[in-house]
Amino acid sequence: MRLGGKVALISGGARGMGAAEARLFAKEGARVAIGDVLEREGREAAAEIAAAGGEAMFIGMDVTSPSDWDRAVESVASRFGRLNVLVNNAAIYLRGLVEETAPEDWDRVMEVNAKGPFLGTRAAIPAMRESGGGSIVNISSFNSLVGTTTSTAYNASKAAARLLTKSTAVQYAKDGIRANAIHPGPVWTAMFTSGFPDTESIERRRAQAPLGRIGTVEDVAYGALFLASDESSYITGSDLVIDGGWTAQ
């Protein structure tokens, strides 16, 4: 069991990449807390893990709320006694060039995608310190590494999460707390299909990846599993790009 004895909190864990991470973490021995605003889907995801023999709980939470984060971490500690892993997975996507992005839309994307991981990290650090250390995995994006013609606010928000990761890594290494970022390329999720709803745009994305396919949620989950586990104990402040070779071009 690669996560035997560990406790993980995953934001945005009700569906997509977050749900895949929760399932895989539980399969590898972790006790998992799923945090999300999607209550029905979140409870179903937790029930699915329990039915497979794992241990999971659902916590209704808005990642833009400091009090929700504090309550989530307290609930995890109360139920499982510790917190070893935080995956900041929750995010929203918005297409639009600079001139097409309304200030209020920019603010909303930043609230969820940049402030959310900040609040989660801030809330988790004391609990991880008490647990003797931990691993924070921020799900950023390959769009944080390169400019694109599809989104402005989303790309900027994910770049903010990338640098938050590095700052966290250097500030809390002395506490045994590691922080790393994953940068997925196009992955089959509801977020991806909402941004690229037609077959032609999806085919263009697929053709641009040297490996010639759209990624799966499991591709990302296995990367998160590695960074959450002790196998990556000498890795912090790093970027794990899971994009089929997209940014290597």
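Here are some notes:
- Test: residue in region 85-95 that is touching an Asp or Glu at 6+ places or on another chain (Cβ under 9 Å), modelled with pLDDT under 95 and surrounded by fewer than 24 Cβ atoms within 10 Å (Cβ to Cβ): yes
- Qualifying residue in region 10-26 (condition: under 24 Å from residue 164 (Cα atoms), assigned to a strand (DSSP E or B) and either β-branched (Val, Ile, Thr) or in contact with a Phe, Trp or Tyr (Cβ under 7 Å, 6 or more places away or on another chain) (or both)): yes
- Within region 126-150, the set of residues being free of Cβ contacts under 8 Å to residues at least 24 places away in the same chain and among the β-branched types (Val, Ile, Thr) comprises just one member, 148.
- Search result, residues across region 1-41 that are more than 21 Å from residue 216 (Cβ to Cβ) and under 16 Å from the mean Cα position of the chain (by Cα): 7, 9, 33, 35, 37
- From 181, 153, residue being touching a residue at least 40 places away in the same chain (Cβ under 8 Å) and farther than 24 Å from residue 211 by Cα: 153
- Matching residues in region 208-239 - criterion: being surrounded by fewer than 19 Cβ atoms within 10 Å (Cβ to Cβ), outside any loop (DSSP other than H, G, I, E, B) and of a type outside the set (Ser, Thr, Tyr): 208, 218, 226, 230, 231, 239
- Residue match in region 93-107 (condition: of a type in the set (Gly, Ala, Ser), closer than 23 Å to residue 180 by Cβ and touching a Gly at 6+ places or on another chain (Cβ under 9 Å)): no
Residue-wise test of (1) touching a Gly at 6+ places or on another chain (Cβ under 9 Å); (2) under 27 Å from residue 74 (Cα atoms); (3) hydrophobic (A, V, I, L, M, F, W, C); (4) modelled with pLDDT of 95 or more.
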{"position": "131", "(1), (2), (3), (4)": "yes, yes, no, yes"}
{"position": "140", "(1), (2), (3), (4)": "no, yes, no, yes"}
{"position": "147", "(1), (2), (3), (4)": "no, no, no, no"}
{"position": "150", "(1), (2), (3), (4)": "yes, no, no, no"}
{"position": "184", "(1), (2), (3), (4)": "yes, no, no, yes"}
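- Residue check, residue 122 under 30 Å from residue 30 (Cα atoms), under 16 Å from the mean Cα position of the chain (by Cα), of a type in the set (Lys, Arg) and modelled with pLDDT of 95 or more: yes
- The set of residues in region 186-207 that are surrounded by fewer than 18 Cβ atoms within 10 Å (Cβ to Cβ), of a type in the set (A, V, I, L, M) and either part of a strand (DSSP E or B) or at pLDDT below 80 (or both) comprises 190, 191, 202.
The values are calculated or read from the model by the stated rules, or taken from the named source; none is laboratory data. All values reported here derive from a predicted model rather than from experimental measurement. Every residue, glycine as well, gets a Cβ built from its backbone with ideal geometry; the counts of neighbours run over all protein chains shown.
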